[in-house]
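Heads up, the thing below is written out as structure tokens.
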Amino acid sequence: MDWDPHVTGRNGVLAQLAGLVDITTPQWPTLAELNRQLAADLPVEFIDDDRFAELNCYYEQAVAQGMVPTRANNWHDLFGAVIWALFPRTKGLLNRLHMEDIAANGLGKRTPRRDRITHFDECGLVLAVADKAETEHWLREHDWQRLFITERKRWNRDWQPFIFGHALYEQALAPFIGMTGKCVVLEMSAAFFELPIAARYPLLDARLAEHLAQYALFDRPRPLLPLPLLGIPGWWPANENPDFYQNRDYFRPRRNR
């Protein structure tokens with residue numbers, strides 16, 4: 001897809017970025033612009049393909065040296081840079097987990113643990129809530145009726161979703177039925193929900209990194225909860241009609257195990 005300086009106005013998913021990062025340039029931002037606008041306070045810098053090739057290493061090793069390979073004119077990598085700016089501690093943690101796994105198992109063996117780390121890195125969603133136990137229970141039970149209809153007014157009040165996986169932002173350029181975030185639920189203080197949006201991200205990043213490290217989330221199978229993104233109120237116009245949630249191919253019932 002061509003460059004769109006008004007990308008944050010395309011839909012409710014991409015609107016999350018409005019006012020947080022400046023990607024309103026009339027043409028694709030250069031690498032120098034990305035480093036100036038997004039990486040000024042980061043422990044990494046964004047590098048082009050030629051510099052990455054000169055390093056003669058794999059991606060995770062480059063990141064461990066403080067250099068994030070970033071392709072020019074590429075939405076996937078642009079959104080990756082944006083997520084680095086919003087969640088630097090968590091992004092750094094995920095790369096350290098990759099490096100630990102590679103050190104233990106070798107680069108050639110792609111372990112299920114690394115697959116789970118990558119899945120969250122690409123498709124992760126963080127749901128900040130006031131009461132984790134009840135919300136996480138309804139997510140595990142796929143109780144979409146309660147989550148999206150009965151308790152609808154709680155969204156964007158004491159249930160606040162935050163995109164983490166940069167592939168989700170790329171998918172939101174052309175949304176489709178089936179878009180699903182892999183969710184981590186974090187309980188946050190009441191004060192969190194009253195802060196300006198930009199002030200929430202550093203707190204959420206610190207809490208998320210702490211949570212992932214403390215609970216070794218990716219060491220166990222199926223650590224993430226599916227959440228159909230187009231069901232989130234305000235993120236897709238069609239979900240204003242309750243019939244939207246009758247699509248059982250998208251809002252799937254929980255499978256008995």
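What follows is calculated from the coordinates using simple rules that are stated; it is not laboratory data. Computed from a prediction, not measured in an experiment: that's the story for all the values here. Positions of Cβ are generated from backbone atoms using ideal geometry, with glycine treated the same way; all protein chains shown enter the neighbour counts.
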On a straight-distance basis, which lysines could pair with Lys153 in a cross-link, Cα separation under 25 angstrom, same-chain partners fewer than 8 positions away excluded? Lys132, Lys182
If one puts a single equal scatterer on every Cα of the stretch 7-108 and applies the Debye formula without solvent, what log₁₀ I(q)/I(0) results at q = 0.10, 0.12, 0.16 Å⁻¹? -0.31, -0.43, -0.73
Give me the Kirkwood hydrodynamic radius of the stretch 167-257 in Å, from all C-alpha pairs, to one decimal place? 15.7
Springs between alpha-carbon pairs under 10 angstrom, Gaussian network model over the chain: which of Phe46, Phe244, Phe87 fluctuates most? Phe244
Which trypsin sites (Lys or Arg not before Pro) from the stretch 100-190 combine a DSSP loop assignment with at most 12 other Cβ atoms within 10 Å? Lys109, Arg157
Multiply the residue gap between Glu54 and Arg96 by 0.36 nm, knock off their C-alpha separation, and tell me the result in nm, one decimal place. 12.9 nm
Can you tell which of Leu55, Leu217, Leu78 shows the greatest fluctuation in a Gaussian network model of the chain with Cα springs below 10 Å? Leu55
Count the net charge of all other residues whose Cβ sits under 15 Å from the Cβ of Asp4, scoring Lys and Arg as +1 and Asp and Glu as -1. -2
If you average the sequence gap of Cα pairs under 8 Å that are 6 or more apart and divide by the length of the chain, what percent do you get for the contact order? 20
Label-point separation, Leu203 to Ala18 (7 Å along Cα→Cβ), nm: 2.3
Value of relative contact order over the stretch 7-108, rounded to a whole percent, pairs C-alpha under 8 Å and six or more apart: 22
Convex hull (Cα only) mean projected area of the chain, reported in nm² to one decimal: 14.4
